[in-house]
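Report on one structure; see the data block that follows.
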Amino acid sequence: MHSKTIQQEARRRHASLCAEIERHNRLYYVEAAPEISDTDFDALLRELQELEAEYPDLITPDSPTQRVGGAPLEEFETVEHAVPMLSIDNTYNEGELRAFDERVRRGLGRAEEPQYVVELKIDGVAISLSYENGELTRAATRGDGYRGDNVTANIRTIRSVPLKLGKKPPRILEVRGEVYMRHQELERQNRLREKAGDPLLANPRNATAGTLKLLDPKQVARRRLDAVFYEVATMEGVELTTHWETLARLREWGLPTCEQAQHCKNIKDVIAVCDSWESCRNNLDFEMDGMVVKVDSAVQRRRLGATSKAPRWVIAYKFPAQVARTKVLRITVQVGKSGALTPVAEMEPVALAGTKVKRATLHNFEDLAKKDIQIGDTVEIQKAGEIIPQVLRHLPEFRPDGAKPFPIPKQCPECGGEVHKDPEGVHLRCLNLSCPAQLKERLEHFAGRAAMDIEGFGPALVEQLVTRELVKSPADIYDLNEDVLSDLERMGKKSAANLMNAINSSRNQPLRRLLHGLGIRHVGGHTAEILAQYFGSMDRLMEASVEELQEIHEIGETVARSVRDFFDTDENRTLVQRLQKRGVNMREESRAATGAQPFDGKTFVVTGTLQRYSRDGIHARIKELGGRPTSSVTSKTDYVVAGESPGSKRDKARELGIPVLTEDEFEKLAGDSR
Ligand code: IVH
C-alpha cells in the first residue's frame, strides 16, 4: 500500500478507537451500564497505545491514552473563579428542612409551588471544570471560593472526567462537581501504604485533597479518583429551565451525575427521601455525609438569589455522625516509630458505620484525661468519615464501682525507658532510641518498599531479630549472615540465601531511599528525593545549615530544622557512619549526570538580574554540573555570578577575594556559550 494511504488508514482507526473508548467510558461511568468487560476495554486501550507508539503524530491531548499523567509541575498556578464557588447552609433535622421550604416559599411569593431535586452529598473535594467547544480546558479547586489552584493536569487523569464532551456541547461550559475516592480504592491505597511503611490515609476526603495537591500527575493517576457533577456555573449556547433537565444534559455530554438523584414535588417528599438514605448510607462504596436539596426551576433560583455566603435555593441536610455505645475492656498503649505513646481503648465489639469495631484511639494522654475514660466505662464512639473511630465520651451513670483513672505512664510500656512530654505538642514520647517497640517500627520502615526495599524483611522477621537482640539499629542489618538467618524460626536455607541477596543489593539503593529509610521527622519519600537530588551526597546534606536547606524549593522551616536536628544528634551521625562502613551507598546520581562534572564540589552564589538564565534555571544548571548554589557569600564560596544591579554580595565577594563572574564568563565555564 502507498504510505499515504497507510497513514490515512491509521488516522481513521485512531479516530474510531478513540470514539469507541469514549463511548464505553460513558456507558461505564455515566450510565452505569457497561456493554463490554474490563478485559475487552483494556484490549481497546492497548490497541490505541500500540497505534500511537507507531504513529506518535496521532496523539492528541484528549486521547484516552493521555490519562496516565503528564510531566510534574513546579507549583500550581492560581486561578480566579469567574463565578465564585459559594458554600451551602446546613440543616440537621426535619424541622430545619421545613423552615428552609418556608423561606423559599416566602421568597417566591406564596402562589408559587417550589419543586425540588435531592442529591447525595458526597464527601470529597469541590472542583470546577471549564470546557470550550466541548474540550476540557481547565480544572480548578475551590480554594477560598474566589481563587483556587489550577489542577488540570491532575484532573485529566480521572477516568470519569470526559476530556471531550459528546453530543452537541455548549460553546462554553463551566461545571461544578465533586472529586472523591471510593472506599475500595482507599483500602487499596492503605494496603500499599502499610507495606511501604507510609502513614495511612485517615479518610476519603483527606485522601482526595492530598491526591489533588500532588505535583506529579503520574502519581495522581495511580490513585484512581472518581468524579460526579452537580451544578452549571456558566453556559453559553444552550438554555435549560430546570435542574432535573440540566442533570440529564450533563449526562448526555458525558459528565456523570448523582445516580441516586430524585425529583420531589414538595418538601414532604424531600423529607421522605432524606430519611430513607440516612439508614442506607453505609451500603454505598463512597462516603456521604448528607443530602443536598435544590430548587428545581431555574427561574425560581434566579429570583431567590444568594447571600454573600450561600445561594438561597439550596440547603444541605447533614446526617448525624454515626455513634455507638460499648464498654471499655482494657486500655493499651502503643509506641510509634518516633516514640510517641498513644492510648488505645480495647472494647467489646460493636457495629458502627457498616463495620465491627473493637478498638478506638484516644489520641494522647491529655485527651484521655480530659475525657476521663476508665477501664469498665461505657463509652460512646464515633466515626465521622474517619477510618479509625474515636472515643467521644464516657457515660458517668454506667461507671462501675472502684473504677480508677488510667495512670499516665512514667515509663515506656515496651522498654521501661524514660518518657517525656513533647515540648511543642501534647504527645508523650519514649526517649530510648533503642526501645524495641520503636526499633521494630523503625526497622520495618527502613527495610520497607518505599525505602531500602529489602524483600522478605517483614514484621515477623523483625520481631525475631529484635527479641534475640541480633539487630539493634538499621546498620546491624548489614552484619547479618546466612548462618545467623537460617537459625531463625520459619527460615530455611533457601529463604536465608534470598534474604541475604536482598540485603546485599539494598546497599546500592540511591540516597533518596536511604534518607527516607532513616525516618527523619517530616521527611517522607518526596522530600527525601528533593534533598538527595539537591545535595547529591550524604556528606553535603549533613553539612547543610537550616538557612541553606530552606533555600530549596518546597523545603520549609519545619523540614529544614528537623533535618538539621537529626544530623546534630550523635546517635544519628554514628548510624550514618556505621552504614557507610558497611558499604551502603550514600550518593544520588544526578538526573543529568553523564561524564565529567566541571563544577564538582564548587559553591556558587548568584546575585543580580541575569539576561539568559532565570534564577531557578541557573541554580539547576549549577547543580547539573555538580556544583552547589547557595545564598550567602562566605569564605567557603568558590564563585559569585553577578548580573545587573548585584548589590552587596558582589562587594563582599571582592572583599574576600572570591572570583566574580559575569554572565558571559559563567556561560563559558558551564560550556553553554556558542
Ligand atoms: S451544590 C452553590 N451538590 O458540599 C451550590 N454540593 O457543603 C454548590 N457537595 O462545596 C454546591 N455533593 O463540595 C452540591 N450534590 C451536591 C454536592 C455538593 C457534595 C459538596 C460541595 C459543596 C459542599 C457544601
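Tell me the trypsin sites (Lys or Arg not before Pro) within the range 481-533 that lie in a loop according to DSSP and have at most 11 other beta-carbon atoms within 10 Å.
Sparse-neighbourhood loop trypsin sites (Lys or Arg not before Pro): R490.
So which trypsin sites (Lys or Arg not before Pro) in the range 98-136 pass both tests, a DSSP loop state and at most 12 other Cβ atoms within 10 Å of the Cβ?
Sparse-neighbourhood loop trypsin sites (Lys or Arg not before Pro): R110.
Quick one: dipole size for the range 211-357, taken about the Cα centre, charges +1 on Lys/Arg Cβ and -1 on Asp/Glu Cβ, in debye to the nearest 20.
The calculation lands at about 480 debye.
Please list the three semi-axes, largest first and in whole Å, of the ellipsoid equivalent to the range 116-270, using sqrt of 5 times the eigenvalues of its alpha carbon gyration tensor.
Square roots of five times the eigenvalues give 29, 20, 13 Å.
Relative contact order (percent) for the chain, with alpha-carbon contacts under 8 angstrom and 6 or more residues of separation?
Relative CO of the chain lands at 9 percent.
Using amide H atoms built in the peptide plane, which far-off residues or other-chain residues are under 5 Å from R393 H to H?
Residues meeting the amide H criterion: E380.
Convex hull over the Cα atoms of the range 25-175, averaged projected area in nm²?
13.5
Over the Cα atoms of the range 500-632, how large are the radius of gyration and the largest Cα-Cα distance (Dmax), in Å?
Computed over the Cα atoms of the range 500-632, radius of gyration and Dmax are 15.5, 55 Å.
Quick check on the range 1-85: take the gyration tensor over C-alpha atoms, sort the square-rooted eigenvalues as a ≥ b ≥ c, and tell me if it's rounded (a/c under 1.5), prolate or oblate.
Here the range 1-85 falls in the oblate category.
Would you compute, for the Cα atoms of the range 89-167, the largest minus smallest coordinate along each principal axis and list the three values in descending order, in whole Å?
Dimensions of the range 89-167 along the principal axes of its Cα atoms: 46, 29, 23 Å.
Considering only Cα-Cα distances, which of the following residue pairs are longer than 25 Å: K164/K265; K371/K421; K195/K337; K195/K370; K213/K370?
With Cα atoms farther than 25 Å apart: K164/K265; K195/K370; K213/K370.
Quick one: what are the phi-derived ³J(HN,Hα) couplings along the range 3-9, Karplus 6.51/-1.76/1.60 with θ = phi - 60°, whole Hz, x for glycine and proline?
These are the phi-based 3J(HN,Hα) values: 5, 5, 5, 4, 4, 4, 4 Hz.
Report the equivalent ellipsoid semi-axes for the range 1-44 in whole Å, largest first, defined as the square roots of five times the eigenvalues of the gyration tensor built from alpha carbon atoms.
Equivalent ellipsoid of the range 1-44: 29, 10, 5 Å, largest first.
I need Y230, Y639 ordered by Cβ neighbour count within 10 Å, fewest first.
Ranked by crowding around the Cβ, least crowded first: Y639, Y230.
When the gyration tensor of the range 334-391 is built from Cα positions, what are the square roots of 5 times its three eigenvalues, in whole Å, from largest to smallest?
Gyration-tensor ellipsoid for the range 334-391: 19, 14, 10 Å.
Can you give the extra length, in nm with one decimal, that the chain gains between E113 and I388 once fully stretched, where that is 0.36 nm per residue apart less the Cα-Cα distance?
94.5 nm
Tell me, for the chain, which Cys residues have no other cysteine's C-beta sitting closer than 4.7 Å.
C18, C258, C264, C274, C280
Consider all pairwise Cα distances in the chain and report the whole-number % of them above 37 Å.
Cα-Cα pairs in the chain separated by more than 37 Å: 55 percent.
Scan the chain and hand back the longest stretch that contains none of the GluC sites (Glu not before Pro) lying in DSSP loops with at most 10 other Cβ atoms within 10 Å.
Longest site-free region, per DSSP loop and neighbour criteria: 490-674.
Determine ³J(HN,Hα), in whole Hz, for all residues of the range 499-512 in sequence, where each value follows from phi through the Karplus function 6.51 cos²θ - 1.76 cosθ + 1.60 and θ = phi - 60°; x replaces Gly and Pro.
3J(HN,Hα) across the range 499-512, in whole Hz: 5, 4, 4, 5, 4, 4, 6, 5, 4, 8, 4, x, 3, 4.
Residue by residue through the range 570-581, which ³J(HN,Hα) values in whole Hz follow from phi under the Karplus form 6.51 cos²θ - 1.76 cosθ + 1.60 (θ = phi - 60°), with glycine and proline marked x?
Coupling constants for the range 570-581: 3, 4, 6, 5, 4, 4, 4, 4, 5, 5, 4, 4 Hz.
When the chain is fully extended, how far beyond the present Cα-Cα distance does A19 get from D616, taking 0.36 nm per residue of separation?
210.7 nm
For the chain, give me the percentage of DSSP beta bridges that are antiparallel, rounded to the nearest 5 percent.
Once the DSSP bridges in the chain are tallied, antiparallel ones form about 85 percent.
Values in this text are rule-based calculations from the coordinates and carry no lab data. These numbers were taken from a predicted model, which means no experiment stands behind them. In this analysis, Cβ positions are derived from the backbone assuming ideal geometry, glycine residues included, and neighbour counts consider all displayed protein chains.
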